[in-house]
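The values are calculated or read from the model by the stated rules, or taken from the named source; none is laboratory data. In this text the structure is predicted, and so the values were computed from the model without any measurement. Please note: Cβ atoms are built from the backbone with ideal geometry, for glycine as well, and neighbour counts cover all protein chains shown. Just so you know, the surface numbers come from the protein's heavy atoms only, side chains and all, with ligands and any DNA or RNA stripped out. Shrake-Rupley method; radii C 1.70, N 1.55, O 1.52, S 1.80 Å.
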Amino acid sequence: MAATGMLTHPGPADPQRVRAVPCRAHPLRLRLRAGLPLDRAIAAAARGAGFAAGWLMLENLSCDQLAYVIPAPPPGDGRVAFYSDTHVLGRGARIVTAGLHLGQGGAIHAHGLWTDATGVLRMGHLRPEATRLSRDAHVAAWGLDGATFRREPDAETGFALFSPRTLPRRRPGGLPARLVRLRPHLDLGATIGAMAGGRSRVMGLGSLVGTALSKGPPLPGPATEILVLGQDRANLRIASVGQAGTVRQGWLSGPNPVCITAELLLIDR
């Protein structure tokens, strides 16, 4: 760590710290099929609705199996953090709430809150390819036209990260929206506040260099994973988890710099 809230990433800093691509967002209700890996169920449902890219909100879904990872110490190759071994919850697991984006080639990035069969609350980065629902479910989503997230190697952080890319528009209508990627060390709340101005609906996930909330102790870094749960104008309510698996929920407060990435959908209604 170079200084408070600052990390030394392995590669040169990309001069474009914010990438925002305009698109149109179409409200959807998708049916996810049980029995399929969740990533395949999501891609099939979106494709059936005529979209290859989207943002989904999962609420109160029962699972036969749920796999996830949480932040872990750096792997020793210059990267500032890594992922834990995969945690697997069996029958009786339940997705309480999760947010995810579907990008190019069916790639998915998902963070969320879930419980095991005993009701213990957990959080992390969902592995949808190893997660299966117990029964078919209908979920709220936004189909995206004109942009998608594409995963590609990132020299600055040493990870393969999602970046928004422009696509040809294929349909009329929809709400004006932006797919956004924020780079390390940008303050999440302040950057979104400047971009959204309290007028946009914000959905997002990513990682912070520790998480500071308006109430309760902060979660230490160097990396905590987050999911945006809601907002009051430009103020964000989030869920966060750190290396110890401790889950915090509340309103962001004070500087909260991005650790590796933050990926957002802003709907400019």
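Here are some notes:
- Looking across 81, 72, 93, 67, one residue alone is open to solvent by less than 10 Å² (accessible area, probe 1.4 Å), at pLDDT 95 or above and within 27 Å of residue 156 (Cα to Cα). It is 81.
- Residue ID - most open to solvent (accessible area, probe 1.4 Å), chosen from residues in the stretch 213-233 that are within 18 Å of the chain's Cα centre (by Cα) and of a type in the set (Gly, Ala, Ser): 221
- Close pairs (9 angstrom Cβ cut-off, 6 or more residues apart or separate chains): within 19 Å of residue 126 (Cβ to Cβ) and outside any strand (DSSP E or B) in the stretch 235-257, open to solvent by 10 Å² or more (accessible area, probe 1.4 Å) and basic (Lys, Arg) anywhere: 242/248; 245/122
- Selection status of residue 24, of a type outside the set (A, V, I, L, M, F, W, C) and touching an Asp or Glu at 6+ places or on another chain (Cβ under 7 Å): yes
- Pairs linking a residue in the stretch 169-187 that is over 30 Å from residue 11 (Cα atoms) to a residue that is hydrophobic (A, V, I, L, M, F, W, C) and at pLDDT 95 or above, with Cβ atoms under 7 Å and 6 or more positions apart or on different chains, are 174/25; 175/25; 175/267; 177/23; 177/25; 177/265; 177/266; 177/267.
- Failed item, numbered, when residue 88 is tested on (1) assigned to a strand (DSSP E or B); (2) open to solvent by less than 70 Å² (accessible area, probe 1.4 Å): (2)
- Of the residues making up the stretch 124-138, those that are part of a strand (DSSP E or B) and open to solvent by 70 Å² or more (accessible area, probe 1.4 Å) are 132, 138.
- Qualifying residue in the stretch 37-44 (condition: outside any helix (DSSP H, G or I) and of a type in the set (D, E, K, R)): no
- Selection from the stretch 157-184 of residues that are more than 16 Å from residue 263 (Cα to Cα) and of a type outside the set (A, V, I, L, M): 158, 168, 169, 170, 171, 172, 173, 174, 176
- Number of residues in the stretch 110-123 that are open to solvent by 20 Å² or more (accessible area, probe 1.4 Å) and either under 25 Å from residue 163 (Cα atoms) or touching a Pro at 6+ places or on another chain (Cβ under 9 Å) (or both): the value is 0.
- Criterion (touching a residue at least 60 places away in the same chain (Cβ under 8 Å) and within 16 Å of the chain's Cα centre (by Cα)) met by exactly one of 107, 98, 130: 98
- Of the residues 77, 64, the single one that is among the charged types (D, E, K, R) and more than 30 Å from residue 12 (Cβ to Cβ) is 64.
- Test: residue in the stretch 24-31 that is farther than 20 Å from residue 262 by Cβ, in a strand (DSSP E or B), in contact with a helix residue (DSSP H, G or I) (Cβ under 7 Å, 6 or more places away or on another chain) and of a type outside the set (Gly, Ala, Ser): yes
- The conditions of being at pLDDT below 95 and either open to solvent by 50 Å² or more (accessible area, probe 1.4 Å) or in contact with a Ser or Thr (Cβ under 6 Å, 6 or more places away or on another chain) (or both) are not met by residue 237.
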